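Below is one structure, written out as structure tokens, with a few remarks after it.
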Amino acid sequence: MKDRITLIPQNDAEWLLLARKRLNLSQVELGGKINYTTVTISRVEQGYVPMSKTLRAKVEKLLIDQGESI
């Protein structure tokens, strides 16, 4: 069994990046799965724009569906 490192995101940008990495998806792949543009995913991950409640809910659903968590 592979050990996991537990990281605690300090903000929405880190949370989204960690979630995407946990799902093993690129920005393009994540955007396609949740119907968001790559530009939006990138801007949130870089902290340029805040994450919407809808974006977070869609990513949380993907995590749950794949048995993952942050």
* Restricting the chain to chymotrypsin sites (Phe, Trp or Tyr not before Pro) in coil, as DSSP defines it, with at most 13 other Cβ within 10 Å -> Tyr48
* Structure fact -> Full extension between Glu68 and Val39 adds, at 0.36 nm per residue less the Cα distance, a length in nm of 8.0 nm
* What are the GluC sites (Glu not before Pro) within the chain that DSSP puts in a loop, where the Cβ has at most 15 other Cβ atoms within 10 Å? -> Glu68
* To do: Count the net charge of all other residues whose Cβ sits under 12 Å from the Cβ of Tyr36, scoring Lys and Arg as +1 and Asp and Glu as -1.
  => +3
* Average accessible surface area per residue within the chain, 1.4 Å rolling probe, Å² -> 72
* Structure fact -> For Lys21, the aspartates and glutamates lying under 12 Å Cα to Cα, once residues fewer than eight places off in the same chain are dropped, come out as Glu29, Glu45, Glu68
* Could you calculate the FRET efficiency of Val28 with Ile8 from 1/(1 + (r/R0)^6), where r is the beta carbon distance between them and R0 is 35 Å, rounded to 0.05? => 0.85
* Estimated dipole of the chain in Debye, rounded to 20 [Cβ of Lys and Arg +1, of Asp and Glu -1, Cα centre] -> 100
* Structure fact -> Taking Lys and Arg as +1 and Asp and Glu as -1, residues besides Glu60 with C-beta under 12 Å from its C-beta add up to +3
* Asked: In segment 19-70, with Lys and Arg counted as +1 and Asp and Glu as -1 at Cβ, which of these residues, Gln27, Leu63, Val44, has the Cα nearest the positive end of the dipole, that is, farthest along it?
  -> Val44
* Structure fact -> Taking Cα pairs closer than 8 Å and at least 6 residues apart, the relative contact order of segment 18-70 in percent is 46
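The values are calculated or read from the model by the stated rules, or taken from the named source; none is laboratory data. Bear in mind that the values here come from a model prediction, so they are computed numbers and not experimental data. Cβ sites come from the backbone with ideal geometry, for glycine too, and all protein chains shown count toward neighbours. Ligands, DNA and RNA are excluded from the accessible area calculation, which covers all protein heavy atoms including side chains. Shrake-Rupley method; radii C 1.70, N 1.55, O 1.52, S 1.80 Å.
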